[in-house]
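This report refers to the structure that appears directly beneath it.
A short reminder: the numbers here are calculations on the coordinates, not readings from a lab. Keep in mind the model is a prediction, meaning the values are calculated, not measured. Glycine also receives a Cβ, built like all others from the backbone with ideal geometry; neighbour counts cover every protein chain displayed.
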Amino acid sequence: MRSFNLLRVAAEAELLRLRAMLVRQGRRAALGAVAVFFLLAALTLGEAAGLQLLRFYVPPISATLILLGINLAIAAVVGGLAARSAPGQVEREALRVRRQAVDAARGALTFTAALPVATTLLSLRRRRGERGRSFFGLRR
């Protein structure tokens, strides 16, 4: 019964970890989409700046280049935020709890599986009348 409770705790911890990871990945995707938007805007303004530069050779190009620099700076900041992705405290703690519960369940299941084998061996030895020897045939 204890092993089932431990497995249940492990499953709940894994669900909590997966939910936190999905929230984090969703946030990364949203920030990445914003970065792509500003990068496309920067490329568009770069094209417009190149066109104006080739066509007119006049000072208004400075305004276009300033906007281009601003868009690139925004894209770099938002892209940096999207790329920064470390697991949060909730994810790390849930992973630790899951690992502990699975390890404990393995130990409990190993003991539970070994118990019927041990009792079968003992009952076979008793039937043969080998009470003078200890378990596994070793002398006392």
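Between residue 65 and residue 33, the modelled labels are 3.5 nm apart [label points 7 Å from Cα along Cα→Cβ]. Most tightly packed first, judged by the mean number of other beta-carbon atoms within 10 Å of their residues, the peptides 71-81, 24-34 read 71-81, 24-34.
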